[in-house]
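As structure tokens, the structure follows; a few thoughts come after it.
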Amino acid sequence: MASPVGAAIAQNPDASGVLLNMHDLDAAYTVLQSDSHKVFMLSATAADYSITLPVAADLQAGWSCKFVVKEDTPSNVITIAAGSAIIDMVMKDPGGNASNSTVGTAKSNIIINEACTQGDYVNFFTDGVTYYAEALSGIDDAIDFS
């Protein structure tokens, strides 16, 4: 006999309750503690904008979120700001270039440049002290830091 739950999931994959928590962004936003495990889909607007991360020390270890470029070559720059030099990022492009990695020197901002392509992303997580980021881009220097 088939499980009623299994049958419901087979007919409607949403019934599993395991869909990603996604949110479209096209303007300035302050990320909340409650946004942990959320995927933000980034679109460009008529102007550059910033996304402000919560203070890492205010977060529980394991807090995370992901930012994905939704459109090919966005028309403006998007800055993801942590406020102080507390982001350690590792990044490689398809050619293996890691020049935009922070190489152990924490930074304050991750920059999503206009050269990004659809699907480029930055994953963030924290140990409750520092943000760690993993970035992947199809274009060298499309994701950078300051």
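The values are calculated or read from the model by the stated rules, or taken from the named source; none is laboratory data. As the structure is a prediction and not an experimental result, all values here were calculated from the model. Here the Cβ is made from the backbone with ideal geometry for all residues, glycine too, and neighbour counts use every protein chain on show. Ligands, DNA and RNA are excluded from the accessible area calculation, which covers all protein heavy atoms including side chains. Shrake-Rupley method; radii C 1.70, N 1.55, O 1.52, S 1.80 Å.
Please list, in chain and number order, the residues 5+ apart from Ser50 or on another chain whose amide H is under 5 Å from its amide H, with Hs placed from the backbone.
Here the answer is Ala28, Tyr29, Thr79, since their amide H atoms fall under 5 Å of that of Ser50.
Can you list the aspartates and glutamates whose alpha carbon sits under 18 Å from that of Lys66, skipping same-chain ones fewer than 8 residues off?
Answer for Lys66, where 18 Å is the Cα cut-off: Asp24, Asp26, Asp35, Asp88, Asp93, Asp120, Asp127, Glu134, Asp144, listed by chain and number.
Just want the answer: with Cβ charges of +1 for Lys and Arg and -1 for Asp and Glu, which residue in Met22, Ile86, Ser64 is farthest toward the dipole's positive end in segment 20-89?
So the residue we want is Ser64.
State in Å² the accessible area per residue of segment 101-142; use a 1.4 Å probe, count heavy atoms of protein chains only, and round to the nearest integer.
42
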